[in-house]
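Asks: Below you will find the structure I want to go over with you.
A short reminder: the numbers here are calculations on the coordinates, not readings from a lab. What you see is a predicted model, and the numbers here were worked out from it, not measured in a lab. Quick reminder, even Gly has a Cβ in these numbers, built from the backbone with ideal geometry, and neighbours come from all protein chains shown.
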Amino acid sequence: MGVAGPSPGSGRTHGPAMDRDDVDRALARLGAEHEAIETSLLALQDHAGRRLLEGAELTGVTKDRWASTEQAITLLWGYFDAYTTALADIREVRARRRWSSRDDLVDLTERLRGRSVTVANPAAHTSPSISGPARLSEQFTLEELVERMNELYATSLDMVVTADAVWSALPARIDLLSAELQRTRSLARSVGVRPGEHPSGDELESITHELSTLRTQVISDPLAFWRPAPGSSAPGGGRPDTDRYDRAARALEDVRREIEAVLRVRQDSEERLIRLRDVLSRADRTLTEARSARGEVLAKIAASEVPAVSGPPTALQERLATAAEYRRHSQWHRLSPLLESLEREAEDELLRARESLTAVTAPLAVRAELRGRLDAYKAKVARHGFAEDPMLIERYDVARRMLWSAPCDLRVAEQAVLRYQQAAAEALAHAESGRSGPADRRGDS
């Protein structure tokens with residue numbers, strides 16, 4: 001790459017020539033720009049992301065982008081060298097005389113404002129035009145050259161910063177999650193959760209493969225894991241794409257909770273088995289009581305529909321024995337879901353047994369209620385002096401014989417109790433009104 005001064009073919013500026021003050025101010029501004037550009041280029045050269053890109057085995061989008069970026073950086077340094085040379089030449093012309101002549105000012109104006117910088121075009125050898133050979137060189141004004149360098153620097157820095165941001169964020173997080181994965185796998189093996197034997201073991205294998213694949217892809221193609229910020233033009237505007245990492249982290253958390261549940265089963269399984277045996281034993285005793293009560297009801301209550309009583313929960317007892325076997329052989333991953341289902345079903349079985357007992361003993365409860373009601377009215381009648389009333393005695397004896405005989409017809413007995421209640425109510429009503437007494441009622445009967 002070379003730099004040429006004004007030549008017959010170079011673009012000429014229009015307008016008056018700059019004076020000495022204008023030239024000095026322009027040189028000061030260009031010098032500040034040169035220093036800023038040099039600082040930026042050196043920072044880009046020393047950027048950790050660029051060094052990592054140079055030494056990495058890249059694939060995919062990152063490989064293609066880095067190939068273009070390397071060419072851009074090379075071109076950028078070429079432009080900077082041309083800019084440096086042009087600035088040095090201008091300073092040399094200005095330094096020839098303290099008071100520049102008219103010709104010097106015209107020359108300086110052309111160099112400062114005209115397309116006085118000629119840079120070889122590296123694309124001329126690699127990308128020939130379909131309409132003919134590409135130009136071997138390009139001409140720029142100093143301002144155009146600075147603008148071109150700024151464009152190349154922005155795109156190059158964006159690529160380097162983006163790759164570095166992904167490498168700084170994702171691999172470290174993947175490594176931490178992999179360490180957590182190893183701890184979870186150790187716990188899983190300790191409680192018998194293994195691939196092919198338990199869904200959580202298969203899930204751990206899947207997460208292991210996903211993290212390994214994800215890390216390899218992130219290292220070789222970081223740009224594939226970048227989400228640009230909408231509307232942002234700043235280099236590195238955006239954030240790493242962590243969707244796959246987040247899914248793996250959630251899956252591992254679900255497995256970890258499952259393993260912790262299995263660990264809790266190992267710790268309290270004996271107590272839970274004891275509670276299960278107690279619940280099933282109570283259900284069995286309740287069913288036994290219901291069967292006994294059913295025989296009593298059939299013997300003592302006539303014309304009554306008594307529901308059948310199911311047998312003992314033998315299927316649950318067998319599964320409980322299986323659970324105890326799992327515990328003896330430390331098959332915690334099998335024991336955990338079995339205990340959970342057994343606990344639900346055992347409680348349901350006890351509830352059904354209690355409902356069966358209630359349904360079977362309902363006729364006895366009705367008979368007991370009728371007996372209690374009959375005796376309550378007899379006591380009430382006695383308190384009011386009607387204990388010797390023949391009608392009440394007769395109706396009481398009829399109702400009592402029906403309620404205390406076997407088998408008892410509840411419908412007929414209830415009618416007898418109602419007749420006694422009605423007679424007692426009439427006697428009490430007469431007593432309250434004072435219009436009649438026991439003697440009158442005996443006469444009426």
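Asks: Test of understanding: given the chain, find the longest segment containing no GluC sites (Glu not before Pro) that are in a DSSP loop and have at most 15 other Cβ atoms within 10 Å.
Replies: Within the chain, the longest run free of exposed GluC sites (Glu not before Pro) spans 58-196.
Asks: What are the membrane-span-like helices in the chain by this rule: whole DSSP H runs, Cα extent along the axis at least 18 Å, mean Kyte-Doolittle hydropathy at least 0.0?
Replies: Those that clear 18 Å and a mean of 0.0 are 142-190.
Asks: At 7 Å along the Cα-to-beta-carbon direction for both residue 93 and residue 347, put a label point, then send me their distance in nm to one decimal.
Replies: 9.5 nm
Asks: Hey, another quick one. Can you tell which of 236, 329, 249 lies farthest toward the positive end of the dipole of the stretch 215-355, using +1 and -1 charges on the Cβ of basic and acidic side chains (Lys, Arg; Asp, Glu)?
Replies: 236
Asks: Within the chain, what's the longest run with no chymotrypsin sites (Phe, Trp or Tyr not before Pro) in a DSSP loop and at most 15 other beta-carbon atoms within 10 Å? Give the range, please.
Replies: With chymotrypsin sites (Phe, Trp or Tyr not before Pro) excluded where exposed in loops, the chain gives 100-403 as its longest stretch.
Asks: Pop the C-beta distance of residue 261 and residue 358 into the FRET formula with R0 = 41 Å and round what comes out to the nearest 0.05.
Replies: In this case the efficiency is close to 0.70.
Asks: Separate question: List the relative contact order of the chain as a percent without decimals, with contacts defined as Cα pairs under 8 Å and 6+ residues apart.
Replies: Relative contact order of the chain: 13 percent.
Asks: Restricted to Cα positions, what overall size does the chain have along the principal axes? Three whole-Å values, descending.
Replies: If we take the Cα atoms of the chain, the spans are 160, 64, 42 Å.
Asks: Quick one: length gained pulling residue 433 to residue 187 fully straight, 0.36 nm per residue minus the C-alpha distance?
Replies: Here the answer is 79.9 nm.
Asks: So what's the convex hull volume per residue for the Cα atoms of the stretch 163-247, in Å³?
Replies: 79 Å³
Asks: Looking only at trypsin sites (Lys or Arg not before Pro) in DSSP loops with at most 15 other Cβ atoms within 10 Å, what is the longest site-free stretch of the chain?
Replies: The reported range is 136-434.
Asks: Here is a further query. Non-local amide H neighbours of residue 226 (under 5 Å, H modeled in plane, Pro and chain starts lacking H): which ones?
Replies: Residues meeting the criterion, in which the H sits 1.01 Å from N, are 241.
Asks: Shifting gears a bit: Please list, or write none, the aspartates and glutamates whose alpha carbon is within less than 17 Å of the alpha carbon of residue 300, excluding same-chain residues fewer than 8 places away.
Replies: Output for residue 300: 289, 369, 409, 414.
Asks: Say each of residue 384 and residue 271 gets a label point 7 Å from the Cα, pointing the same way as Cα to Cβ; how far apart are those two points in nm?
Replies: The two pseudo-label positions are separated by 6.0 nm.
Asks: To the nearest 500 deg cm²/dmol, what mean residue ellipticity at 222 nm is calculated for the chain from DSSP H runs of n ≥ 4 alone, each contributing -39,500 (n - 2.57), summed and divided by the residues?
Replies: -26000 deg cm²/dmol
Asks: In whole Å, how far is the Cα centre of the stretch 132-205 from that of the stretch 280-339?
Replies: Here the answer is 61 Å between Cα centres.
Asks: Let me ask something additional. So what does the Cα-only Debye profile of the stretch 135-181 read at q = 0.15, 0.18, 0.20, 0.33 Å⁻¹, as log10 I(q)/I(0), no solvent term?
Replies: -0.59, -0.68, -0.75, -1.04
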